[in-house]
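Read through the structure below, which is laid out as C-alpha cells, and then see the notes.
The values are calculated or read from the model by the stated rules, or taken from the named source; none is laboratory data. Small disclaimer: the values here were computed from a predicted structure and weren't measured. Note that each Cβ is placed from the backbone with ideal geometry, even for glycine, and that neighbours are counted across all protein chains shown.
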Amino acid sequence: MQSVNANNGLPEKQVLTVDVEDYFHVSAFEKAINRDDWNNLELRVEANTYRLLELFDKHQAKATFFTLGWVAERCPNLIKAIVAQGHELASHGFSHQRATIMTVDEFRADVSKSQQVLEDASGQAIIGYRAPSFSFNDSNTWAYQVLSDLGFEYSSSTYPIEHDLYGVPNWPRFKYQRIEGIIEIPVPTLSILGQNIGIGGGGYFRLYPYWLSKNRIDKYINTEKQPYCFYFHPWEIDPEQPRIPGVSVKSRLRHYLNLSRMEGKVIRLLEDYQWDTMKSVYLGR
Ligand SMILES: [Zn+2]
C-alpha cells in the first residue's frame with residue numbers, strides 16, 4: 001500500500017536509498033584496482049555514512065541502505081547505527097561483482113554471504129537487494145529465482161535506460177511483481193519522445209543544476225503518480241577522497257564530477273520532499 005495524498009492522489013512520501021560502498025568499490029574502477037588491495041586502501045565509507053545518518057536525522061528522513069557485505073563485515077557498529085535510527089538495511093551483494101559476470105552459483109554465494117553478514121550485524125531479516133551497477137538484464141533473469149530462494153521479497157536492480165555500462169530500456173519502468181515472486185522496483189525514468197531519461201540520482205544528479213533535477217522529479221511524481229526513488233553513494237559527498245590512478249577519462253569525469261556540490265544538493269532534496277524506506281513505501285510495512 002502506497003501512501004498517497006487524499007486530495008490529488010499523488011504520493012506523499014518519496015523513497016531515499018543509499019548504496020553503501022566505498023570509492024574503490026565502484027564498477028568503473030574495477031580494472032584499475034585489484035580486489036586484493038581493497039584492504040590496504042583508506043576506508044572512508046564509515047565516516048561518510050555517519051555524516052549521512054546525521055543529515056537524515058536532522059531532516060527526519062528515513063532511507064533504505066543497500067549495503068555491501070564487505071562493508072558490514074568491517075563496520076558492524078555502522079550497521080547497528082543505521083538500524084537504531086529506524087532506517088531499513090538491505091543488501092548490495094558482498095563483493096560488488098556485477099550479476100552479469102557471475103554464474104548462478106557465484107551469484108547465490110555472494111548474495112547469501114552478504115545477507116548473512118547483514119543479518120548477523122543488525123539482528124534483522126534482510127528482504128531487499130540491489131545489484132551492483134543495476135546489472136540485471138535479459139541474460140540473468142535466473143537471479144530473481146535465487147533471490148526468491150534466499151527469502152528476499154524485493155529487488156531494485158534495473159534501470160530502464162540506454163547506457164554504456166548497464167540499462168534495460170525495454171523493461172518495465174514501474175514497480176511490478178515477477179513470476180519468481182520478487183517485486184522489482186526499477187530506478188525512475190521520464191519517457192521523453194520515446195526515450196527513457198534517467199532521473200534516479202547518481203551522476204546525473206551531480207551533473208545537472210538542482211532546479212532541473214527537481215523539475216524532473218516533480219514531473220515524475222505529478223504525471224506518473226508514482227513515488228519517486230532517489231539513489232546515491234556515501235563517496236559522492238566526499239570531495240577529499242583519494243584519486244585512483246589509471247582510470248579512463250570518461251570514468252574519471254563521471255566519478256569526480258561536482259563532488260563538492262553534492263552534499264548541498266542532497267540537503268535541498270531532504271528539505272523539499274518527505275523521505276521514507278523502500279519497505280515502507282513500496283511494501284506498505
Ligand atoms: Zn554499487
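Summary table
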item	result
Meets criteria (surrounded by fewer than 19 Cβ atoms within 10 Å (Cβ to Cβ) and part of a loop (DSSP other than H, G, I, E, B)) for residue 245	yes
Every residue from the stretch 116-131 that is assigned to a helix (DSSP H, G or I) and in contact with a helix residue (DSSP H, G or I) (Cβ under 6 Å, 6 or more places away or on another chain)	117, 118, 121, 122
Failed item in (1) surrounded by 14 or more Cβ atoms within 10 Å (Cβ to Cβ); (2) more than 16 Å from the ligand (Cβ to nearest atom); (3) among the charged types (D, E, K, R), with residue 36 passing the rest	(1)
Unmet requirement for residue 21, which otherwise passes all of (1) within 14 Å of the ligand (Cβ to nearest atom); (2) out of contact with any Leu (no Cβ under 9 Å at 6 or more places or on another chain); (3) of a type in the set (D, E, K, R)	(2)
The stretch 248-266, residues that are under 30 Å from residue 184 (Cβ atoms) and outside any loop (DSSP other than H, G, I, E, B)	250, 251, 254, 255, 262, 265, 266
Residue match in the stretch 175-194 (condition: among the aromatic types (Phe, Trp, Tyr), surrounded by fewer than 22 Cβ atoms within 10 Å (Cβ to Cβ) and within 21 Å of residue 12 (Cβ to Cβ))	no
Test: residue in the stretch 136-148 that is assigned to a loop (DSSP other than H, G, I, E, B), at pLDDT 95 or above and buried (at least 24 other Cβ atoms within 10 Å of the Cβ)	yes
Index of the failed condition, residue 131 passing every other in (1) surrounded by fewer than 19 Cβ atoms within 10 Å (Cβ to Cβ); (2) aliphatic (A, V, I, L, M); (3) within 16 Å of the ligand (Cβ to nearest atom)	(1)
Residue identified as more than 20 Å from the chain's Cα centre (by Cα) and in contact (Cβ under 8 Å) with a residue 60 or more places away in the chain among 281, 247, 266	247
Single condition residue 157 does not satisfy, out of (1) away from the ligand (no atom under 16 Å from the Cβ); (2) in a loop (DSSP other than H, G, I, E, B); (3) crowded, with 23+ Cβ neighbours inside 10 Å	(1)
Answer residue from the stretch 87-109, given it is under 18 Å from the mean Cα position of the chain (by Cα) and over 15 Å from residue 155 (Cα atoms) and is surrounded by the most Cβ atoms within 10 Å (Cβ to Cβ) among those	96
Single condition residue 210 does not satisfy, out of (1) over 30 Å from residue 145 (Cβ atoms); (2) of a type outside the set (A, V, I, L, M); (3) touching a Pro at 6+ places or on another chain (Cβ under 6 Å)	(3)
